[in-house]
Amino acid sequence: MERLDEQPAETLVQGLGRWNTHIGFSWGPGELLLFETQYPKTDNAHLATSGHIAFLRNDDDLYSPVLRKLFNESHGIFVGLQKSGEEASSRTRKAQLVHVSKHYRSVLQACMQEMHKVASSTRDATQSAKYIEQVSILSAMELCWNLCEILFIEGATAGSLLVLLLDWIRLHSSDIDNIAEEVLKSESPLKHDKFWDLITGYVLQARMDEARQLLAKEAAVSPSNRSMCRVLDDLLKKMPRFNSQTLTEFELKWQHWREECERHLQCETFSSSPHMQTICKVLLGAEDTLLEKKELMGTWYHFLVSQLLFTHPTVTLAEIHSYAQSSLDVFYAGDSSSEPLDNVLLAAFELDIHQVIKEFSIVTNNWWFVAHLTDLLDHCQLFQSHNLYFGTNMREHLLLEYASGLFSHHSLWQLGVDYLDYCPELGRVYLELHMERISLSTERKALKALRICEQRQMTEQVRSICKTMAMQAMSNRRLGSALSWSIRAKDAAFATLISDRFLKDYCERGRFSDLDLIDNLGPAMLLSDRLTFLGKYQEFHRMYNDQQFEDAACLLLSLMTARIAPCSFWLTLLLDALPLLEQQQVIFSAEQTYQLMSCLEDRTAAKCEPIQSEENRRSQDSSIENTKIEMLRLALSRNLARAIVKEGTAQT
């Protein structure tokens, strides 16, 4: 369900059994669930009320200020990725995709940190709990994205795979750092109960340098353990690390080091120190010892990486899935009730990207993660052969869903446009449907929508937007705006209707509103005859005000004889000729005067209703109109006489 920009309208529903109540409902971009409630209005984002009705939404993420930053910034990354062409070198392309993936994760991390700050500063316990929950979701997103980056985008090989997984564990496991803060801030760190847990935790994460520093402190204050500390320090120092050497060289070094660890354990070098003996067993990857320390790891995937570190550091992508399932079973001691996040990570270790997308779609309540990750992996050519049964591929389907959610927001809808632009099969259809349903709450928003449609040559949507805005302006009595929108829509019928409203308004007020618009119609006046008349009629007034009487008279006569004015406006046009007829100089010739007389007789015979309001029409005395007609006849007769005399004098 998607949130609406406005509160639903309230409708009275009668005859519902013994209930008579007000039920508000409104159709939005998605489904909407309404039900009767007695709850008062609150500011709770999950529950809004209108009268006796509450409507629920599950897309509150769109309305979180922090998460809106995530949507906005990731949009730029997405568009940049689509515009980047395929590189000639596949290695260069791979590096580019890894960079894009890290960019997405950096945005996620920044959003997570800001959300954490908001949660800490919020005094409302309920709201704070909501923010904390959102932090955990963002953390899960970043955890899964990072793992997918290692397994699918990096495509790490043997040796380097474990190095990347160790970095992954260190980044997402804060338990050891919390223990370190607790121990090192104590008055006597070496006597702290968790001192040796801290050393063991460092070893489990391959942070050997930090573990050796603590061992050095132990050796400095404990002469009896000094020799054992030096031996353990030497083992930690010698532990091979995969870098630029060949895989064979690394395996030889690692095997030699492991044999040395076994020798010290068999010789009971650390027999007088259970803590150091435990660490030596950890270095050998003893499963029972690792399980004893699983509270230091916290998660089965930490256990997996630590176990591989000491048993199979050259694990490959093809092998890791079997270790992952085994670690999950052992860590939870056969308990089959795994968490949803466990299912996502396990699917990733099994290299089943489709299952990863499916599982995470269940975990999260928005499409951001799956849409962007799928798009990125599609650029890695991992979805080329996977089409859905309804005719599109997984990438496009998820982008369509994500973009549809954005369109339900009053400002994020503009981001959704770009996502639909990069959906080659159904994106255009979705965009047309969404643009038709978008709420045109302001003229600014309408202009944005119009520009989007015009850029994409969406003719029908352009016309629909313009007609909608014209109707809104018309209902608000903003005739100039309504006329402007109807012209943009190229709607001749509606332009004619608005032109008639302009003429009616002129009859009521004696002047035109929005003169600038009418004066600058230009070629647009050719859209309809009535609009042409409106533009030319205003031009007549301008000529008259500039005392261009002869030109004004010719234009006025042409407007009457062309019959493009409504019949009900003919009397007004004839009355406009009255001042010209009363001029000292003769403006209308005899022939023109005959034409005016003919128009007057046609008007009298037509019995047209004048364009006036109903109230004015009721109060209008028919004798007034008769008086005006008689005045016109008198003025036309006098002008005819003057014109005949003038023309006769000119001939002699």
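At a glance:
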item: Spin-label zone in the range 413-454 - amide nitrogen under 17 Å from a point set 7 Å from the Cα of Asn476 along the C-beta vector; result: 439-450
item: Hydrodynamic radius by Kirkwood, which averages 1/r over all alpha carbon pairs of the range 416-479, in angstrom; result: 12.3
item: FRET E, pair Leu433, Lys117, Förster distance 35 Å, beta-carbon r, rounded to 0.05; result: 0.35
item: Rounded accessible area of Glu454 (nearest 10 Å², 1.4 Å probe); result: 90
item: Ser227, Ser361, ranked by accessible area, largest first (probe 1.4 Å); result: Ser227, Ser361
item: Total formal charge among the other residues, if their Cβ is under 9 angstrom from that of Arg212, Lys/Arg +1 and Asp/Glu -1; result: -2
item: Sites Arg463 and Val79 - FRET efficiency at Förster radius 30 Å, r taken between beta-carbons, to 0.05; result: 0.60
item: Spatial separation of Cα centroids for the range 521-598 and the range 101-119, in angstrom; result: 69
item: Those residues of the range 292-308 whose amide nitrogen sits under 12 Å from the label point placed on Glu339, 7 Å along Cα→Cβ; result: 298-302
item: For Glu295, net neighbour charge (Lys/Arg +1, Asp/Glu -1) across residues whose Cβ lies under 14 Å away; result: -1
item: Net lengthening on full extension, Tyr332/Glu401 (0.36 nm per residue, minus Cα-Cα); result: 21.3 nm
item: Accessible area in the full protein assembly, largest first, 1.4 Å probe, for Met394, Met631; result: Met631, Met394
item: Paramagnetic reach from Arg263 in the range 270-289 [backbone N under 19 Å; point 7 Å along Cα→Cβ]; result: 270-271, 277, 280-285
item: Accessible surface of His264 - all protein chains present, 1.4 Å probe, nearest 10 Å²; result: 40
item: Computed lengthening from Lys253 to Ser411, 0.36 nm per intervening residue step minus Cα-Cα distance; result: 51.0 nm
item: Local electrostatic count, Arg451, Cβ distance below 13 Å [Lys/Arg +1, Asp/Glu -1]; result: +3
item: Stretch gain in nm, segment Lys358-Glu182, where the contour uses 0.36 nm per residue and the Cα spacing is subtracted; result: 59.4 nm
item: Solvent-accessible surface ranking, highest first, for Asp177, Asp233 at 1.4 angstrom; result: Asp177, Asp233
item: Furthest towards positive pole of dipole, Asn343, Met458, His379, structure part the range 323-461, Cβ charges; result: Met458
item: Label-point separation, Leu634 to Ala493 (7 Å along Cα→Cβ), nm; result: 4.6
item: Computed magnitude of the charge dipole of the range 452-513 (debye, nearest 20; Cβ of K, R +1, Cβ of D, E -1); result: 120
item: Apportionment of accessible area to carbon and sulfur, the range 167-229, percent (1.4 Å); result: 47
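The values are calculated or read from the model by the stated rules, or taken from the named source; none is laboratory data. Just so we're clear, the structure is a prediction, and the values are computed from it rather than from any experiment. Cβ coordinates were reconstructed from backbone atoms using ideal geometry, including for glycine residues, and neighbour counts include every protein chain displayed. Surface areas here come from the heavy atoms of the whole protein model, side chains and all, with no ligands, DNA or RNA. Shrake-Rupley method; radii C 1.70, N 1.55, O 1.52, S 1.80 Å.
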